[in-house]
Amino acid sequence: MIEQHLREYYQQVLVNPVVTHLHRFITPNQITLLSGILGILILPALIIHQEILAIALLLLSGYCDTLDGTLARFNHHTSNWGSVLDIMIDRLVEFIVVLALWHVSPVDRGLWCLLMLGSMLLCITSFLVVGIFSENQSQKSFHYSPGLMERAEAFAFFIAMMIWPRAFISLASLFTVLVTLTALIRLIQFYNQQQAK
């Protein structure tokens with residue numbers, strides 16, 4: 001939801017100007033891999049209790065995730081492989097973040113992290129399966145189905161969990177409910193579209 005309202009402004013101010021300078025020095029897939037590396041570093045950052053560093057790494061990883069697709073379109077180098085790599089790296093980063101959050105207090109957070117991962121699995125499955133049967137009308141290489149909880153909202157929750165560890169269970173519960181609800185809404189919308197045909 002946040003992305004729908006802010007993406008155009010964010011794109012014009014923070015992404016497009018950078019892409020015009022970067023396109024000669026780095027490829028979209030290299031930026032995607034950099035996004036993954038930055039995401040992986042969140043785990044050791046939280047292990048050594050460097051929450052600010054972990055947040056910075058998460059934001060940089062997310063920023064790279066917005067750069068790669070824009071750069072690919074700018075260079076006219078969009079590819080199925082690039083889309084697959086992007087989706088896989090996104091999921092890797094999200095898994096690493098949940099793993100890092102679990103590592104802070106494994107006994108107390110185990111169930112909640114498992115529920116978060118379960119809701120994420122259902123949500124991405126709904127996203128991909130609906131995408132298979134839907135016509136692509138976005139700038140992306142695949143059908144993009146917006147939802148209640150998207151990557152920006154997930155990152156906001158992750159950051160809040162790092163800043164306020166005592167509120168982790170409440171935040172994890174809300175996260176799980178909202179992500180699961182996103183999957184259900186997407187399925188209902190797709191069902192209604194199919195019934196209307």
*Going by the conditions given, is L14 surrounded by fewer than 15 Cβ atoms within 10 Å (Cβ to Cβ), in a helix (DSSP H, G or I) and of a type outside the set (S, T, Y)?*
yes
*Quick one: in the range 87-126, of everything that is among the small types (G, A, S), modelled with pLDDT of 95 or more and surrounded by 16 or more Cβ atoms within 10 Å (Cβ to Cβ), which residue is nearest to I42 (Cα to Cα)?*
A100
*In the range 44-64, which residues are within 15 Å of I159 (Cβ to Cβ) and either under 13 Å from the mean Cα position of the chain (by Cα) or not in a helix (DSSP H, G or I) (or both)?*
Q50, L58, L59, L60, S61, G62, Y63
*Please find, within the range 19-29, the residue that is farthest from L85 (Cα to Cα) out of those that are touching a residue at least 12 places away in the same chain (Cβ under 8 Å) and loosely packed, with under 15 Cβ neighbours inside 10 Å.*
T20
*Name every residue in the range 69-93 that is in a helix (DSSP H, G or I) and over 15 Å from G39 (Cα atoms), in order of residue number.*
G69, T70, L71, A72, R73, F74, N80, W81, G82, S83, V84
*asked:* Looking at L171, L181, L187 in this structure, which one is aliphatic (A, V, I, L, M) and within 21 Å of H103 (Cβ to Cβ)?
replied: L171
_In the range 166-180, the residues that are surrounded by fewer than 17 Cβ atoms within 10 Å (Cβ to Cβ) and touching a Ser or Thr at 6+ places or on another chain (Cβ under 9 Å)_ = V177
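The values are calculated or read from the model by the stated rules, or taken from the named source; none is laboratory data. Remember, predicted model here, so these are calculated numbers, not experimental data. With ideal geometry, Cβ positions are generated from the backbone for all residues, glycine too; neighbour counts draw on all protein chains shown.
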